[in-house]
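Structure first, commentary second.
The values are calculated or read from the model by the stated rules, or taken from the named source; none is laboratory data. Predicted model, so just to flag it, every value in this text is computed and none were measured. Quick reminder, even Gly has a Cβ in these numbers, built from the backbone with ideal geometry, and neighbours come from all protein chains shown.
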Amino acid sequence: MVSNKPLSSKELRDVRRKSVFRFLYLQLIFAIFAASAVWFSFDSVTAYSFLLGALSSLLPSLYFAFRVFGNTGVKSAQDIVKSFYRGEAGKLVMTSVILSLTFILVKPLVAGAFFVGFGLAILSHWLTPAFIRH
């Protein structure tokens, strides 16, 4: 028998947390499969460039998710807003550092494949409603 009782705030937060981490997991799996397809279509340098681009977007998103949804305690609305702002600020800093370090340290790197992977990982957020049902 299905209950029509509305979810409590804790239950709603748990459902959202599971959805967000499931989506990030799907993004990672998609990035690995896409990099494999790039490897078979082109070469290994293009494939790891693509994968590094996708990971440059996924790792900061994972940080954001842990920052916002990682704490299981009860928080006030003000604390939730602060965690979103801090998470987004940290995500932006991490993204810029990862992008910079990748271009400085990784040689050879196919810039086009890197940015395609990065862009597809960012654009995949638009597909979130298709994969996540509450």
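General observations
- The requirement of being in contact with a helix residue (DSSP H, G or I) (Cβ under 6 Å, 6 or more places away or on another chain) and modelled with pLDDT of 90 or more is not satisfied by residue 101.
- Apart from one condition, residue 116 fits all of (1) within 17 Å of the chain's Cα centre (by Cα); (2) more than 25 Å from residue 17 (Cα to Cα); (3) free of Cβ contacts under 8 Å to residues at least 12 places away in the same chain; the exception is (3).
- Qualifying residue in the range 114-129 (condition: hydroxyl-bearing (Ser, Thr, Tyr), in a helix (DSSP H, G or I) and more than 21 Å from residue 25 (Cβ to Cβ)): no
- Complete set of residues in the range 31-50 that are closer than 16 Å to residue 100 by Cα and either surrounded by fewer than 18 Cβ atoms within 10 Å (Cβ to Cβ) or aromatic (Phe, Trp, Tyr) (or both): 50
- Any chance residue 61 is part of a helix (DSSP H, G or I), of a type in the set (S, T, N, Q) and over 17 Å from the mean Cα position of the chain (by Cα): no
- Just one residue in the set 112, 70, 53, 90 is loosely packed, with under 15 Cβ neighbours inside 10 Å and modelled with pLDDT of 85 or more; that residue is 112.
- Only one of 7, 26 that is among the aliphatic types (A, V, I, L, M), under 21 Å from the mean Cα position of the chain (by Cα) and either surrounded by fewer than 16 Cβ atoms within 10 Å (Cβ to Cβ) or modelled with pLDDT of 85 or more (or both): 26
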